[in-house]
Amino acid sequence: KAGVTQTPRYLIKTRGQQVTLSCSPISGHRSVSWYQQTPGQGLQFLFEYFSETQRNKGNFPGRFSGRQFSNSRSEMNVSTLELGDSALYLCASSLDLVGTQYFGPGTRLLVL
Amino acid sequence: DQQVKQNSPSLSVQEGRISILNCDYTNSMFDYFLWYKKYPAEGPTFLISISSIKDKNEDGRFTVFLNKSAKHLSLHIVPSQPGDSAVYFCAASEGRGGGADGLTFGKGTHLIIQP
């Protein structure tokens, strides 16, 4: 079974731009969570989607948003990019809201 | 404040010996704990988990021990192999899955297995 895939793997943007990252979960998984990893803060929870609905949200500003489609694929969007948004963005999928989360390889975003 | 702490940024162990990675937590509502391994340029890989109703869970070379009174868990790898060299993350949640606040991760311990 294929794992979690994320596109693109690398991205360079400039301050003020917006970016959309994509995540395809493991086949059959209906829950998708997003995390941000930075050297200073480590891995931090952004939000979780299940059945096209945001179920939980971490402590991030409204510039960070996401959505989930009927095929469970998910996208996250960051608007008005700031230098501090440079990070590795990880997507994780699970069968349901109580299943083990399996991570994708991440998208490395660099904001200049 | 850090709710999940891994106080050793790095750990060096000889091949064939036991590796012990430690993790402490402060949130008494956490009742599900996981260990992930991460190689550079890859996402975290799930290793093993434990529910707070247990104090030990074993899977092959990996064993996780949970001491609820001390709010401490540890991951034992026996015997350690060169492929175990990676960064290990401890994670916790309220309830199975991510819970309302997702998984809360420690900062990681870089395990180096020396030949």
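For segment A:48-59, what are the residues that are farther than 17 Å from A:Ser24 by Cβ and either assigned to a strand (DSSP E or B) or more than 10 Å from every other protein chain (Cβ to nearest Cβ) (or both)?
First, pick out the residues of segment A:48-59 that are farther than 17 Å from A:Ser24 by Cβ: A:53-59.
The answer is A:Thr53, A:Gln54, A:Arg55, A:Asn56, A:Lys57.
Would you please name the residue that is farthest from the other protein chains (Cβ to nearest Cβ), looking only at residues in segment A:95-112 that are part of a strand (DSSP E or B) and closer than 19 Å to B:Tyr36 by Cα?
A:Thr107
Out of the residues in segment A:35-54 that are surrounded by fewer than 16 Cβ atoms within 10 Å (Cβ to Cβ) and touching a strand residue (DSSP E or B) at 6+ places or on another chain (Cβ under 7 Å), state the one that is farthest from A:Val78 (Cα to Cα). Spell out how you get there, then give the answer.
Within segment A:35-54, the subset surrounded by fewer than 16 Cβ atoms within 10 Å (Cβ to Cβ) is A:38-41, A:51-54.
Of the ones still in play, those that are also touching a strand residue (DSSP E or B) at 6+ places or on another chain (Cβ under 7 Å) are A:38, A:52, A:54.
On the way: A:Thr38: 16, A:Glu52: 19, A:Gln54: 16 Å.
Once the filter is applied, the top-ranked residue is A:Glu52.
Here are the criteria: (1) loosely packed, with under 15 Cβ neighbours inside 10 Å; (2) touching a residue at least 24 places away in the same chain (Cβ under 8 Å); (3) touching a Ser or Thr at 6+ places or on another chain (Cβ under 9 Å). Tell me which single one B:Ser12 does not satisfy.
So the condition that B:Ser12 fails would be (3).
Looking only at segment A:73-94, filter to residues that are surrounded by fewer than 16 Cβ atoms within 10 Å (Cβ to Cβ) and touching a residue at least 60 places away in the same chain (Cβ under 8 Å); which one of those is farthest from the other protein chains (Cβ to nearest Cβ)?
A:Thr80
Take segment B:19-42 and flag every residue that is in contact with a His (Cβ under 6 Å, 6 or more places away or on another chain) and within 22 Å of B:Ser85 (Cβ to Cβ).
Residue satisfying the conditions is B:Ile20 alone.
Failed condition for B:Ile18, given (1) in contact (Cβ under 8 Å) with a residue 40 or more places away in the chain; (2) within 12 Å of chain A (Cβ to nearest Cβ), with all others met?
It fails just one condition, (2).
Among the numbered criteria (1) surrounded by fewer than 17 Cβ atoms within 10 Å (Cβ to Cβ); (2) in a strand (DSSP E or B); (3) touching a residue at least 24 places away in the same chain (Cβ under 8 Å), which one does A:Arg67 miss?
Exception for A:Arg67: condition (3).
Hey, could you check segment A:9-40 for residues that are under 16 Å from the mean Cα position of the chain (by Cα) and among the charged types (D, E, K, R) and say which is nearest to the other protein chains (Cβ to nearest Cβ)?
That would be A:Arg9.
Given (1) within 14 Å of chain B (Cβ to nearest Cβ); (2) in contact with a helix residue (DSSP H, G or I) (Cβ under 7 Å, 6 or more places away or on another chain), identify the lone condition not met by A:Leu43.
Of everything listed in (1) within 14 Å of chain B (Cβ to nearest Cβ); (2) in contact with a helix residue (DSSP H, G or I) (Cβ under 7 Å, 6 or more places away or on another chain), A:Leu43 misses just condition (2).
With the requirement that a residue be outside any strand (DSSP E or B) and either at pLDDT below 95 or hydrophobic (A, V, I, L, M, F, W, C) (or both), what does segment B:84-101 give you?
Those that are outside any strand (DSSP E or B) and either at pLDDT below 95 or hydrophobic (A, V, I, L, M, F, W, C) (or both): B:Glu94, B:Gly95, B:Arg96, B:Gly97, B:Gly98, B:Gly99, B:Ala100, B:Asp101.
Which condition number does A:Gln18 fail, the rest of (1) in contact with a Leu (Cβ under 6 Å, 6 or more places away or on another chain); (2) farther than 23 Å from B:Tyr36 by Cα being met?
The failed condition is (1).
Out of segment B:62-101, which residues are of a type in the set (Lys, Arg) and within 14 Å of chain A (Cβ to nearest Cβ)?
B:Arg96
Look through segment B:102-115, keep the residues that are of a type in the set (A, V, I, L, M, F, W, C) and either within 30 Å of A:Glu48 (Cα to Cα) or surrounded by 17 or more Cβ atoms within 10 Å (Cβ to Cβ) (or both), and return whichever of them is farthest from the other protein chains (Cβ to nearest Cβ).
Among them, the one singled out is B:Ile113.
Assuming A:Phe60 fulfils every condition listed in (1) surrounded by fewer than 17 Cβ atoms within 10 Å (Cβ to Cβ); (2) farther than 26 Å from B:Leu34 by Cα apart from one, which condition is it?
(2)
The values are calculated or read from the model by the stated rules, or taken from the named source; none is laboratory data. Not measured: the values here are computed from a predicted model. Cβ sites come from the backbone with ideal geometry, for glycine too, and all protein chains shown count toward neighbours.
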